[in-house]
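So the structure is just underneath, and the comments pick up after that.
No lab work stands behind these numbers, since they all come straight from the coordinates. Keep in mind it's a predicted model, so treat the numbers as computed, not measured. Backbone-built Cβ (ideal geometry, glycine too); neighbour counts: all protein chains shown.
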Amino acid sequence: MIRDFFRVMMVNLTTGKTTIIERPGRSEYLGGTGLAARLFEEFGLMDEDWDHPEQPVIFAIGPLTGYYPLMSKTCCAFRSPYHNEYTESYAGGKSALSLRFADLDALMIVGKAKRLTALCVGSRVVETRDVEYMRGFDAIHTGRVLRKMFPGSGRRSIMRIGPAGENLSAYACINVDTYRHFGRMGGGTAMGVKNLKAICVLGDRGFELPQNKEYPKLYKHIYEQLTTTEMMSKYHGLGTAVNINPLNELKSLPWKNLQQTSSPEAEKISGEKFADDTLLRNAACAGCPVGCIHVGFVREQFQANNQYLYRQVGYDYEPIFSCGGMLEVTNTGDVLRILDVIEKEGLDNMSSGVAMAWATEALEKGVISEKETVVKLAWGDADTYMKAVELISRPPNDFYKLLASGTLKCAEVYGGEDFACVLGQEMAGYATGEVFAVSEALGFRHAHLDSGGYSYDQSHEEQDVEGALDFLVNDGRDRIVINSMVGCLFSRGVYKDDLLAEAMEAVGYGGLNGKMAEIGERVQKLKWRLRIGMGYAPAAVKIPKRYKEITTWKGKLDTDYLEALRTGYAARIMELGAPLKEEE
Ligand code: SF4
C-alpha cells in the first residue's frame, strides 16, 4: 500500500530502545537520498563530530523499491570519518527489498553499543546480540556466522563490517550480502564507531502489488526493455570491466598512480581477458534481471597438503582500475587475489588501491622508507600488495594509521602531496579530463557518479566553462531524482522521464508526477546546505599537481580551464547550499 508519509525505524544502541516514527514529506523528498537528508537534517548533530555516538547512520529506500526491476538500491547516509561532513553511499544486494518487505522506508541507527553488537530488524522483530567474540572476524566469515545466527529466507539482507571498520579506517566499507558494498567515504567506520558489527534486515512481511491493469503491463514492458534491448546488454555481458580497453585507447585510464593514462599492458586486464581467464558466473541484486555482478575465481594451492582451493571474487571496472592498472598488476588472477583480501578486510577497493599506488611511488622516490611501509611495495607485486591491504586495515604503525585515514592526509605529513591521486577522496578510474577532475574533487560524494563529468569530457572537445558547469549541476540534480527512487544508475537509459512518470502513476504515486524537477532541486539544495553547514568550503579544494601533468585524448590537460571550472563549480555549490531565506 502506498503512503504519503515515511515509516522509519529508529534503533538506539545506547538505550536499547526502538521507535517507529512517521514523518510527512513524500511529495517534498520522495525517498532515498531525499529521505535520508530530511532525516539527517532532523536527527544529525551539526555541531558534533562524525564519531559522536548520537550521529545517525541511515538506510533509506524509495517509493518504487520492490515494484519494478532495478529499483533495487539503498541510500546509506552518515557523517563521514573521511572528512567529518555529511555524505552518502549506495548499495544493492538484498538490502532495499528486505527493507521494503520489513515495511520500512528507512532504518536509522543512533547511539553506541557497549560491546560489539549484531542487530536484527524486521517488521515484527528487533533483536541485538552481543558478538564481542567476533571482533577481528573478516567480512566473509562474519557473513557466514550471521546467516546462521539470523536464519531467514531470500528476503533477508546481511550488512556487516570487517576489521577495517572496527579499526576506524576512514575508507572502511559495509559489505552487503554477496559482492555488494556501501563502499565509499567510510560507512563501515560509521558502524564500527557504534560497536555495530552487523545489521540483518528480515523482510518478514509482504507488500501488496497494485491491482490495476496497467501495472503488470508496464512491469512487463520495463522488464523487456531491460533484458532484450541493447541498452543493458553491456552490463550483463562483460560488465563494466569492458571499459578498460576503450578508456586505454582514449588515454583516460589511470595507470601506475596516474603517471600514465594508457599502457600497452592494459589489454592483459581488460574485461575480455577477465572473462576469458576467470569468469565463473554473473550475479544480481534482488529484483534485477540484468545481473551486472561478475564473479571470477582464483585457485590457490596449499603446499602443505597439495590441496587446491577455489575462491570466488567479484570484479568490475573500478576495482580492476584501482588494484590492477594503478598498481601495474597485469595478471587477472593477481588482481582478484588483492580484491579478495580487500573484501575480507572490509575496505573500499578504490581507496585501497589508490592509497597503495601513492605509497609505492612515495617509496620509490624516497619520500618514505620501508621503516614506514613495513613491506617493500613494488609495481606489479601482488603478494606484497595483499600484505599491505592488511596493514591498512590493521595498522601496525603511525604511517598506516594515517594512510587509513586518507592518502592526502598521509601525504601532508610525509610528503608526496603532488602525486596523491585524491579528488575529495581517492580517485575513481577516469582520467578523462578537466570536467571529471573538478566534478569528483568538489562533488557532493566525491564520486564519479555524482554527475557524468567523465562522459562530458569524452564528448566535448571545446572548452565551455558555463556549459560544463550547467551540465554538472543539472545532471547532478537528475541523478538525485533517481537516487531518491533509489534506482540503479545503470538503468537511467531505460527509466526516462516519461517511463518513470508511468511507473509512478501505476503504483499510485501519480500525484508526484510533474514535481520531480522541483523535488530534485529541493534535495540538491538541502544536501549542500547540510555539507556546507558542517564546514565544507569547496573553494578551498585543491587538485593535486599530478592531474595537471596528464595527457588525455584531447592533449595536455589545460590548467587554466581546470582552474576556471574549479572556481566556477565552487561558486555554484555555495549558491546551491546557501541558507534558506525566511519565506522558504
Ligand atoms: S544492474 Fe547490477 S548493480 Fe544494478 S541492480 Fe542490477 S545487479 Fe545491481
(request) Express the relative contact order of the stretch 193-319 as a whole percentage, based on alpha carbon pairs under 8 Å and six or more residues apart in sequence. (result) 20
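In what order do V507, V413, V131 fall by count of nearby beta-carbon atoms within 10 Å, going from fewest to most? Working shown, then result.
Numbers: V507 20, V413 12, V131 23.
Fewest-to-most Cβ neighbours within 10 Å comes out as V413, V507, V131.
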(message) Defining a contact as two alpha carbons under 8 Å apart and six or more residues distant in sequence, what relative contact order in percent does the stretch 481-584 show?
(response) 27
(message) Using the basic label-point model (7 angstrom from Cα toward the beta carbon), what is the E230 to L580 distance in nanometres?
(response) 4.7
(request) Would you mind pulling out the separation of the Cα centroids of the stretch 173-224 and the stretch 1-76, in Å? (result) 13
(message) Applying a 10 Å radius around every beta-carbon, put 495-502, 563-570 in order of their mean neighbour count, most first.
(response) 563-570, 495-502
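Classify the stretch 232-360 as rounded, prolate or oblate from the Cα gyration tensor: take a ≥ b ≥ c as the square roots of its eigenvalues, call it rounded if a/c is under 1.5, otherwise prolate when a/b beats b/c and oblate if not.
Working: a/c = 1.60, a/b = 1.11, b/c = 1.45.
It comes out oblate by the Cα gyration axes.
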(message) If I histogram all Cα-Cα distances within the stretch 137-248 using bins 10 Å wide from 0, what percent of pairs lands in each bin?
(response) 13, 26, 25, 27, 9, 0
(message) Show me, bin by bin at 5 Å from 0, the whole-percent P(r) of the stretch 303-460 based on Cα pairs.
(response) 2, 10, 18, 20, 19, 15, 9, 4, 2, 1, 0, 0
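How much length, in nm to one decimal, is gained on full extension between H141 and K114, taken as 0.36 nm per residue of separation minus their Cα-Cα distance? The partial results should precede the final answer.
Details: separation 27, 0.36 × 27 = 9.72 nm, distance 2.26 nm.
Taking 0.36 nm per residue and subtracting the Cα distance, the gain is 7.5 nm.
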(request) With no solvent and one equal point scatterer per Cα, compute the Debye intensity ratio I(q)/I(0) for the stretch 426-576 at 0.09, 0.11 Å⁻¹ and report its log10, rounded to two decimals. (result) -0.31, -0.46
(message) Under 24 Å between alpha carbons, and skipping anything fewer than 8 positions from K234 in its own chain: which lysines qualify?
(response) K73, K94, K220, K251, K268, K273, K496
(request) With an 8 Å cut-off on Cα pairs and a minimum separation of 6 or more residues, tell me the relative contact order of the chain in percent. (result) 15
(request) Go ahead and estimate [θ] at 222 nm for the chain from helices alone: -39,500 (n - 2.57) per DSSP H run with n ≥ 4, summed, over the residue count, rounded to 500. (result) -11500 deg cm²/dmol
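For the chain, what is the Kirkwood hydrodynamic radius in Å, using each pair of distinct C-alpha atoms?
Numbers: mean 1/r = 0.0418 Å⁻¹.
Taking every pair of different Cα atoms in the chain, averaging 1/r and inverting gives 23.9 Å.
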(request) Normalise the Debye intensity by I(0) for the stretch 62-137, one equal point scatterer per Cα, no solvent, then take log10 at q = 0.23 Å⁻¹ and round to two decimals. (result) -1.17
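Can you tally the net charge around E48? Count Lys and Arg as +1, Asp and Glu as -1, for every other residue whose Cβ sits under 11 Å from the Cβ of E48. Can you show the working numbers first?
Values: positive: R79; negative: D47, D49, D51, E54.
For residues surrounding E48, the net value is -3.
Give, in whole angstrom and from largest to smallest, the semi-axes √(5λ) of the equivalent ellipsoid of the stretch 93-148, with λ running over the eigenvalues of the Cα gyration tensor.
Working: eigenvalues 95, 46, 19 Å².
Here the semi-axes work out to 22, 15, 10 Å.
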(request) Find out how many positive minus negative residues lie around Q259, taking Lys and Arg as positive, Asp and Glu as negative, among other residues whose Cβ is under 14 Å from that of Q259. (result) 0
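Just the C-alpha atoms of the stretch 5-202: what Rg/Rh do they give, with Rh taken as the Kirkwood radius?
Working: Rg = 15.0 Å, Rh = 16.2 Å.
Here the Rg-to-Rh quotient is 0.92.
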(message) For a quick check: sort V494, V389, V126 by the number of other beta carbons within 10 angstrom, fewest at the front.
(response) V126, V494, V389
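Using only the alpha carbon atoms of the stretch 262-315, find the Kirkwood hydrodynamic radius as the inverse mean reciprocal pair distance, in angstroms to one decimal.
13.1
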(request) Arrange the peptides 102-110, 362-370, 291-299 so that the one whose residues have, on average, the most other Cβ atoms within 10 Å appears first. (result) 102-110, 291-299, 362-370
(message) Using a 10 Å cut-off around each Cβ, can you sort W553, W50 from fewest to most neighbouring Cβ atoms?
(response) W553, W50
(request) Distance from a point 7 Å along Cα→Cβ of E48 to each backbone N in the stretch 1-37: keep the residues under 20 Å and list them by number. (result) 9-21, 36-37
(message) What number results when the radius of gyration of the stretch 427-479, computed over Cα atoms, is divided by 2.2 N^0.38 Å?
(response) 0.98
(message) In Å, what Kirkwood hydrodynamic radius results for the stretch 213-287 from the alpha-carbon pair distances?
(response) 14.8
